[in-house]
Amino acid sequence: MNSLLELLKKSTDFLAKKGIDNARLQSELIFAGTLHCRRLDLYLQFERPLTQAQVDTLRERILRRARREPVQYIVGDTDFRTLTLKCDPRALIPRPETEELVGFVLEKLNTLRPAGTPARVLDLGTGTGAIALSVAAERPETEVVAVDKSADALALAGENASALGISSVRFLRSDWFENVTGTFDAIVSNPPYLTQDEWECAQPEVRDHEPLFALVADNAGLADLEKILRGARERLSSGGFVAFETGIAQHDALARIAAECGFSKTESRTDLSERPRFFFAE
């Protein structure tokens, strides 16, 4: 019978031969997700014998990864800030950059409405619910409305809310602002911002598995960003702000659009790789 270590080594070698980057890490993530333990716990049970059912499941999942299916879809969840979120092809996989965006939004929101006081936040294009649920978890006094035009994505976000026991987020099906009412202290979005060419050059994990509608926008990737920015000002409370995750070459155009819309201040921030990734307008 194969031990955990033996099968982990075989899986790593197999993925490496298939051209998968970080093959050991990818194997460990699949093993941990399949065996329902932390990655570090694998190192405490290398001699553990695996049942045939476990071996069969691991083999099938390693084959899926070799075919370039994202590991998050294979194991069915992903960590995002303080949360573990169910993750499947109904929505885009939450990225580390979006975790950074949530941190910046909470920082600005706490300046506008000190922690412990009510605030209203709108999350446009919620997907898995990552942004909305993180804001609700980390700032419980905040009323959060999470919007998506995809019924499937909203269902996934709702499943995440239920699993996490978060009942303070209201989910709404809407094409951006179409069915949204009221004003908000912050409007946050990680909308589609890739160009068609960028999508065609993306890794197979993205191009072949994640939903196209959540990735690509017209007008050099600016179409949805511009639509949200032009509709945001009248839905912001006094002193409120809009916050975006963006492509790295879009901030000049967004600053121009923000000025046309009457925003008084704009700001660009870089991600951890020092690329201009986040755009704010107040």
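Surface composition of the chain: carbon plus sulfur atoms hold 50% of the accessible area, using a 1.4 angstrom probe and ignoring ligands, DNA and RNA.
Our coupling estimate for the range 20-29, obtained by passing each phi through the Karplus curve with A = 6.51, B = -1.76, C = 1.60 and θ = phi - 60°, is 7, 5, 6, 4, 5, 4, 4, 5, 4, 5 Hz, Gly and Pro reported as x.
Of interest is the spacing of the C-alpha centroids, which for the range 141-172 and the range 38-107 amounts to 21 Å. In the structure displayed, which of LYS18/LYS86; LYS227/LYS265; LYS149/LYS227 lie more than 25 Å apart, Cα to Cα? LYS18/LYS86, as the Cα separations exceed 25 Å there.
Globularity index of the range 84-201 is 1.04 (Cα radius of gyration / 2.2 N^0.38 Å, N = number of residues).
For the range 44-142, the solvent-accessible area works out to 42 Å² per residue, with a probe of 1.4 Å and every protein chain left in place. Rounded to 0.05, the FRET efficiency of the ASP56 and PHE104 pair, given R0 = 35 Å and the Cβ-Cβ distance, is 0.20. Under the criterion of Cα pairs below 8 Å and six or more residues apart, the relative contact order for the range 57-215 equals 25 percent.
Only DSSP H runs of four or more residues enter the estimate; each adds -39500 (n - 2.57), and after division by the residues of the chain the mean residue ellipticity at 222 nm equals -12500 deg cm²/dmol.
Remark: relative contact order (the range 135-231) = 23 percent; criterion is Cα-Cα distance under 8 angstrom and separation of 6 or more residues. The mean sequence separation of alpha-carbon pairs under 8 Å and at least six residues apart, normalised by the residue count of the chain, gives a relative contact order of 14 percent. The largest-to-smallest principal axis extents of the Cα set in the chain are 68, 42, 33 Å. Normalised by the empirical 2.2 N^0.38 Å for globular proteins, what value does the Cα Rg of the range 1-138 take? Normalised Cα radius of gyration, the range 1-138: 1.30.
The values are calculated or read from the model by the stated rules, or taken from the named source; none is laboratory data. Values in this document were obtained by computation on a predicted structure and should not be read as measured data. FYI the Cβ positions are ideal-geometry reconstructions off the backbone, even for glycines, and counts take in every protein chain you see. Accessible surface areas use protein heavy atoms only, side chains included; no ligands, DNA or RNA. Shrake-Rupley method; radii C 1.70, N 1.55, O 1.52, S 1.80 Å.
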